[in-house]
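> One structure coming up, written as structure tokens, with questions to follow.
The values are calculated or read from the model by the stated rules, or taken from the named source; none is laboratory data. Only a predicted model underlies this, so the values are computations on that prediction, with no experimental measurement involved. With ideal geometry, Cβ positions are generated from the backbone for all residues, glycine too; neighbour counts draw on all protein chains shown. For the accessible areas, the whole protein counts, side chains as well, though only heavy atoms, and no ligand, DNA or RNA atoms are used. Shrake-Rupley method; radii C 1.70, N 1.55, O 1.52, S 1.80 Å.
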Amino acid sequence: MNTELDKAKLELEEVGYLKLETPSTVDFVEEIKRLKKEKNAVILAHYYQEPEIQEIADYVGDSLGLSQKAANVEADIIVFAGVHFMAETAKILNPEKKVLLPDLKAGCSLAESCSAEDLAEFKKKYPEHVVVTYVNASAGVKAHSDLVCTSSNAKKIIDSIPEDQPIIFAPDKNLGAFINKETGRDMVLWDGACVVHEAFSLDKLVELHLEHPDAKIIAHPESEAHILKVADYIGSTSGMINFVKTDDSQKYIVGTEAGILHEMKKEAPGKELIPVPVEEDNTCACSECGYMKMNTMQKLYLCMKYELPEVNVDEEVRKKALIPIEKMLEISAR
Ligand code: 13P
Ligand code: SF4
């Protein structure tokens, strides 16, 4: 092995991220800022990332905001501080740019629940149906879809489809059931779920609300129906932040991944935010996405330094997946 880069590539094959030694003297914040300038890179981060990653990002947002931002990036390199399907979406929109993800194993239980092959097989049972796919899915699944949506535009996307047109909705059964209820449709739902939002405990939520009867309950639509039923507001991560910012209550029980609290506190200083407890958690009362939290400042630094790991999408798949994503962006802009 002769170069540092060869060593990095070998490591990447083994573990999916770079774990090269970084001297304790490296100031990640300063180095990441320097690398951003030197390489003309932009960092896009999701609200579930560690606070320090959100702080150093050029843009922090929900899945829709991140896709919209990715569609208009001018930088040469997009560093995605999020999970794999998000980086893939950025690559689908920017085939000529380098898209980096600090940890290639940062996946998503929803994306993993639905393979392109299984969806193609499933579609055969419903030849009259169109397929709407939640953005939390692989490029291969998107390539088999007619439309893509995120949690913030799902209703708008479904409403854009004629009422008599039957729909398959994949892969989130909870978001799908919520949209069925909102729109009065009867979409066929893929049986996938988010491990983080499915872990919320209704009993503990009720207990918590008894302790804080003045708190409003806000929840992400990836949560199960029994949680959504007791929520005062249901929306995407951006929607939830905006609700807390503009609503006149002072206390909220927050039903989504705990990373959102960082931006929420900034946007609504002085308000009390209480995370929804999870089923098996008797200590910390908060819920974290293990995939999102695979990204660290050290991995972000290494990925920018070596421009690895890179996310690539097969060109045939990319072209097909681009169609429903562009349709989504166009409908969202209406
Ligand atoms: P949004 O940020 O679009 O609401 O999605 C939440 C999520 O789970 C992303 O994986
Ligand atoms: Fe996937 Fe859930 Fe994690 Fe979002 S929070 S990335 S939906 S596992």
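> Can you give the accessible area per residue of the chain, in Å², using a 1.4 Å probe? Show your work: numbers first, answer last.
Details: 15010 Å² over 334 residues.
Accessible area per residue: 45 Å².
> OK, next. Under 17 Å Cα to Cα from LYS319, which aspartates and glutamates show up? Leave out anything in the same chain fewer than 8 places away.
GLU88, GLU96, ASP146, GLU330
> Give me a comma-separated list of calculated 3J(HN,Hα) values for the range 122-137, in order, Karplus coefficients 6.51, -1.76, 1.60 applied at θ = phi - 60°, integers in Hz, x for any Gly or Pro.
Calculated HN-Hα couplings, in order: 4, 4, 4, 6, 10, x, 8, 7, 9, 10, 10, 10, 5, 4, 6, 7 Hz.
> Top to bottom by accessible area (1.4 Å), largest first, where do VAL135, VAL206 land?
Numbers: VAL135 5, VAL206 70 Å².
Reading off the accessible areas and sorting them downward yields VAL206, VAL135.
> A further question on this structure: As a check on your grasp of the helix formula, calculate [θ] at 222 nm for the chain: sum -39500 (n - 2.57) over DSSP H runs of n ≥ 4, divide by the residue count, round to the nearest 500. Don't jump to the answer; show the numbers that get you there.
Values: 16 runs with 145 residues, N = 334.
Computed ellipticity for the chain at 222 nm equals -12500 deg cm²/dmol.
> Rg and Dmax of the range 121-234 over Cα atoms: what are they, in angstrom?
Reported Rg and Dmax, both Å: 15.6, 51.
> Another question, if that's okay. Given N residues in the range 12-129, what is its alpha carbon radius of gyration divided by 2.2 N^0.38 Å? Display every interim value, and only then the final one.
Values: Rg = 16.8 Å, N = 118, 2.2 N^0.38 = 13.5 Å.
Its radius of gyration relative to the 2.2 N^0.38 Å reference: 1.25.
> Given H placed 1.01 Å from N in the peptide plane, which residues other than close sequence neighbours of ILE234 have an amide H under 5 Å from its amide H?
Residues meeting the criterion, in which the H sits 1.01 Å from N, are ALA219.
> Could you give me the ³J(HN,Hα) list for the range 4-18, computed from phi with Karplus coefficients 6.51, -1.76, 1.60 and θ = phi - 60°, whole Hz, x at Gly and Pro?
Calculated HN-Hα couplings, in order: 4, 5, 4, 4, 4, 5, 5, 4, 4, 4, 6, 10, x, 8, 8 Hz.
> Rounded to the nearest 10 Å², what accessible area does VAL79 show when all protein chains are kept and the probe is 1.4 Å?
Roll a 1.4 Å probe over it and VAL79 shows about 0 Å².
> Moving on to the next point. Kirkwood hydrodynamic radius, computed over distinct alpha-carbon pairs, for the range 290-334: how many Å, to one decimal? Could the numbers behind the result be given before it?
Details: mean 1/r = 0.0747 Å⁻¹.
Hydrodynamic radius (Kirkwood, Cα only) of the range 290-334 equals 13.4 Å.
> Amide H to amide H, which residues 5 or more places from VAL148 or on other chains are under 5 Å from it, using H placed in the peptide plane?
So VAL148 has HN proximity to THR133, MET328.
> What do you get when you divide the Cα radius of gyration of the range 218-311 by 2.2 N^0.38 Å, with N the number of residues?
Values: Rg = 15.8 Å, N = 94, 2.2 N^0.38 = 12.4 Å.
Compared with the compact-globule rule of thumb, the range 218-311 sits at 1.28.
> Along the charge dipole of the chain, Cβ charges K/R +1 and D/E -1, which of LEU189, ALA75, LEU104 sits furthest on the positive end?
Farthest towards the positive pole: ALA75.
> So what's the projected area for the chain, the Cα convex hull averaged over all directions, in nm²? Provide the component values of the computation, followed by the final result.
Values: hull surface 74.0 nm².
So the mean shadow area of the Cα hull is 18.5 nm².
> Would you mind checking the pairs LYS156/LYS216; LYS156/LYS293; LYS97/LYS156; LYS91/LYS142 and listing those with alpha carbons more than 21 angstrom apart?
Numbers: LYS156/LYS216 25 Å; LYS156/LYS293 30 Å; LYS97/LYS156 30 Å; LYS91/LYS142 13 Å.
In this structure, LYS156/LYS216; LYS156/LYS293; LYS97/LYS156 exceed 21 Å between Cα atoms.
> Write out the GluC sites (Glu not before Pro) in the range 207-309 meeting two conditions: DSSP loop, and at most 13 other Cβ atoms within 10 Å of their Cβ. If you can, show how the numbers build up before the last one.
Details: sites: GLU207, GLU211, GLU222, GLU224, GLU257, GLU263, GLU267, GLU272, GLU279, GLU280, GLU288, GLU307; in loops: GLU222, GLU224, GLU257, GLU279, GLU280, GLU288, GLU307.
Filter output for the range 207-309: GLU279, GLU280.
> Now for a different question. Once ligands and nucleic acids are excluded and a 1.4 Å probe is used, how much of ASP146 is accessible, expressed in Å² to the nearest 10?
Accessible area of ASP146: about 60 Å².
> Provide, as a two-decimal number, the C-alpha radius of gyration of the range 99-164 over 2.2 N^0.38 Å, N being how many residues it has. Display every interim value, and only then the final one.
On the way: Rg = 13.4 Å, N = 66, 2.2 N^0.38 = 10.8 Å.
Against the compact-globule rule of thumb, the ratio is 1.24.
> Quick query: amide H of LEU189 versus all other amide H atoms, modeled in the peptide plane; which residues come in under 5 Å with a sequence gap of 5 or more or a different chain?
PHE169
> Same structure, new question: With θ set to phi - 60° and the Karplus curve 6.51 cos²θ - 1.76 cosθ + 1.60, what are the ³J(HN,Hα) couplings of the range 176-183 in order, to the nearest whole Hz, using x for Gly and Pro?
Ordered by residue, 3J(HN,Hα) equals x, 5, 4, 5, 4, 5, 5, 9 Hz.
> Which number gives the lysine pairs in the range 1-69 that have C-alpha atoms under 19 Å apart and are eight or more places apart or on different chains? Walk me through the numbers before you get to the answer.
Values: LYS7/LYS19; LYS9/LYS19; LYS36/LYS69; LYS37/LYS69; LYS39/LYS69.
Within the range 1-69, the lysine pair count is 5.
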